[in-house]
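A short write-up of the structure that comes next.
Computed from the coordinates by the stated procedures, all read-outs in this text should not be read as laboratory data. It should be emphasised that the depicted structure is a prediction, and the values quoted were computed from it without experimental measurement. When we count neighbours, we look across all protein chains shown, and the Cβ atoms used for this are built from the backbone with ideal geometry, even at glycine.
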Amino acid sequence: MSSFLLIDMILLGLAAVVAIGVISVRSLLSATMLGGIYSLLMALIWQNMNAVDVAFTEAAVGAGISTVLLVGTLLHTRRETNQSPAIHWPALLTVVLTGSFLIYGTVDMPDYGDASAPIHTGRVQQLLGQRVGKVDNEGVHHAWTYSTMAEQSVERDEPERSFPPERSHGEDHGGDAEAGAHGHPNDDFKGHSPNTVTSLLAAYRGYDTMYETAVIFTAGMAMVLLLRRREERA
Amino acid sequence: MGTVLTITMFSLMASILMTLVRALKGPTSYDRILSVNAIGTTTVVGVVVMGFLKGRPDFLDLAVVYALVNFVATVAILRFVEQRRLG
Amino acid sequence: MEWNDYLTGVFLALGSFLALTGGVGILRMPDFYSRLHPAGKTDSLGQLMVLIGLCFQTSDWLVLAKLGLIVSFLMLTAPTATHAITKAAWLEGLRPWQRPGDAENVYTRKHPDKRAPYFSAAPKDPLASSTSAEQGQQLEASDE
Amino acid sequence: MNLALLEPSTASFLKVASLAGTYNYALYVVLMMIGFYGVIAKKNLIKQALGLGLFSTGIFLFYISMGVVEGGTAPVWWTTDEAHLLKAAGPYDNPLTHVLILTAIVVSVSTLAVAMALIVNIQRAYGTIEEDEIRAIEDAEHPGEGVI
């Protein structure tokens, strides 16, 4: 077992302990602070899974805004929950049933870190294989691509895809006809950011990002309207 | 070098575990705030160590952001403490 | 192993030791004010040791600059946060634990974790407070 | 033992028994179910919102871990250090899951913000944020109508 897997398991176990604490502790301020610890542990877990962009977002959102929002709510409400029965048996039964069904559903998932999993070899793969976010350090940016990995790990019936030969950065921004001539019709991401997440966010999921902004705007307007109307009445 | 970094990572996680027990047990809210602050600092160091362990130490901006956000969260909780008495 | 690896090893070992002892201290110390000591140690000295040790592992000036930024931020914010927590706790009236038989053992507890933490009825403004003897009587009164 | 040679059901059962390779999915399900328990069992509205956050974090973990490649690095090509350029040429994790989850995290915090605004409003209207107390107040004010 590699040390990364061991670190992953330990961190997930710690996160489970914190989650139980968040749910079971009576003081709401303590629950908020345990939620902060939870998102700090999530940062380590995501760093361990190489998802640095997600860890960034979690830093700003999970540890920062969520804590401030919850503390602001606590200022206007109460500090402790009512004394409730220790275990809510119907809820526990529902949770255990749902959990066992979900675990049964994950049994057929590909193994953790399996390079031949469908997500790494399917249609998405072809989109990702097109030199997303290249850098022009002689030879380095062509040393590895998703498609080559897929070809190494799985034998596919498709003909081998040839990548455009090395060119300078200025030429890459050049005409589409030239790109087509090099035999890569889907090469949309040419000359984009070296961060593939940014490239994908801008190109492949552009509408998604746009409507995400709409969601934030709607949430902000909803908050303003909700909080302001009551003040007028009072 | 990887072994030393791995051992450091494990000791940081053990420190997080012990501080976490204090956060769960903590008789007063101040113990919990202190634990959150200590875990935040340990997490920042853990993010840096993990970056070196992964061989990609160019994501240290993440640790900078966490250092600042942790401070902001602590100050937010302390503002709460100033406005309301805690038990 | 080069010389920088040895240096890194020494610093990382020191940092890990401080982190571990800090964790044990936060877990085992009897009351809030004594827990501040290991927590502050982990916050400042432990992180400093680990980050200085990692400085020898890179030749990239950008990574070094980021490490320096992290060290300076943590050195600024961690003691500030610890101080603010302590001040809030003291102004709230949380009083330190003392051994039975100590000189001014008005706040004595056998083991604070086993019982409710001790809050005195101390006034918010320490300058406006009465003499220590009167305060002691107040504390004893509120102790019941 | 080669799992491919066995009957599909037997192989599946053995995989369930050992959770080989998929242990982390089970852990995510555990995290999700802790959040789910908070949502359905707790009466306090803030606790329910926190449980919702735990549930969504479990889903995020599930997505991100699907994009992990063994021995991979973060899907960022850029680096300034020559020594790390070689490492950066190794296999990359799949960035698509990261992109999906970036959107999901922002949406979840928007949900939390609206939920908090609603909870503050409920506190102002009813003077409590406990579900059963709100129900009792509603029953007293509008007898016979029933609360949803």
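Search the structure for amide H atoms under 5 Å from the amide H of residue C:94, placed 1.01 Å from N in the peptide plane, and list their residues when 5 or more places away or on another chain.
When sequence neighbours closer than 5 places are left aside, the close amide H contacts are C:120.
Quick check: net charge around residue A:44, other residues with Cβ under 14 Å of its Cβ, Lys/Arg +1 and Asp/Glu -1? Write out the running numbers ahead of the final one.
Working: positive: B:54; negative: A:8, A:58.
Local charge sum for residue A:44: -1.
Using 0.36 nm times the number of residues separating residue A:221 and residue A:116, minus their current alpha carbon distance, what extension gain do you get? Could you put the intermediate results ahead of the total?
Working: separation 105, 0.36 × 105 = 37.80 nm, distance 4.48 nm.
Computed gain between residue A:221 and residue A:116 is 33.3 nm.
HN-Hα J couplings of the range A:58-64 from phi, Karplus 6.51/-1.76/1.60, θ = phi - 60°, integer Hz, Gly and Pro as x?
5, 4, 6, 8, x, 7, x
Between B:43, B:19, B:28, find the one with the highest GNM mean-square fluctuation for chain B; connect C-alpha pairs within less than 10 Å.
B:28
Once phi is turned into ³J(HN,Hα) by the Karplus curve 6.51 cos²θ - 1.76 cosθ + 1.60 with θ = phi - 60°, what whole-Hz value does each residue of the range C:8-15 show in order, with x for glycine and proline?
Residue by residue, the range C:8-15 yields 4, x, 4, 5, 5, 5, 4, x Hz.
Restricting to Cα pairs below 8 Å that are 6+ residues apart, what does the relative contact order work out to for chain B? Please round to a whole percent.
29 percent
How would A:58, C:92, D:138 line up from fewest to most surrounding beta-carbon atoms within 10 angstrom? Please report the intermediate quantities before stating the final value.
Values: A:58 29, C:92 20, D:138 15.
Final ranking by Cβ density, sparse to dense: D:138, C:92, A:58.
Quick one: which residues, 5 or more positions from residue D:92 or on another chain, have an amide H under 5 Å from its amide H? H modelled 1.01 Å from N in the peptide plane, none for Pro or chain starts.
Under 5 Å from the amide H of residue D:92: D:73.
Name all residues of the range A:1-43 having a backbone nitrogen under 18 Å from the label point set 7 Å from the Cα of residue D:70 along its Cα→Cβ direction, giving them as ranges.
A:1-9
Tabulate in residue order the Karplus-calculated ³J(HN,Hα) for the range A:88-96, using 6.51 cos²θ - 1.76 cosθ + 1.60 with θ = phi - 60°, rounded to whole Hz; enter x for Gly and Pro.
8, 5, x, 4, 4, 4, 4, 5, 5
Just rank B:22, C:28, fewest to most, by other beta-carbon atoms within 10 angstrom.
Working: B:22 24, C:28 13.
In increasing order of surrounding Cβ atoms, one gets C:28, B:22.
5 Å is the cut-off here: which amide hydrogens, built 1.01 Å from N in the peptide plane, fall below it relative to residue A:80, excluding neighbours closer than 5 in sequence?
When sequence neighbours closer than 5 places are left aside, the close amide H contacts are A:28.
Can you put B:18, C:75 in order, fewest other beta carbons within 10 Å first? Walk me through the numbers before you get to the answer.
Details: B:18 21, C:75 14.
With the sparsest Cβ surroundings first, the list reads C:75, B:18.
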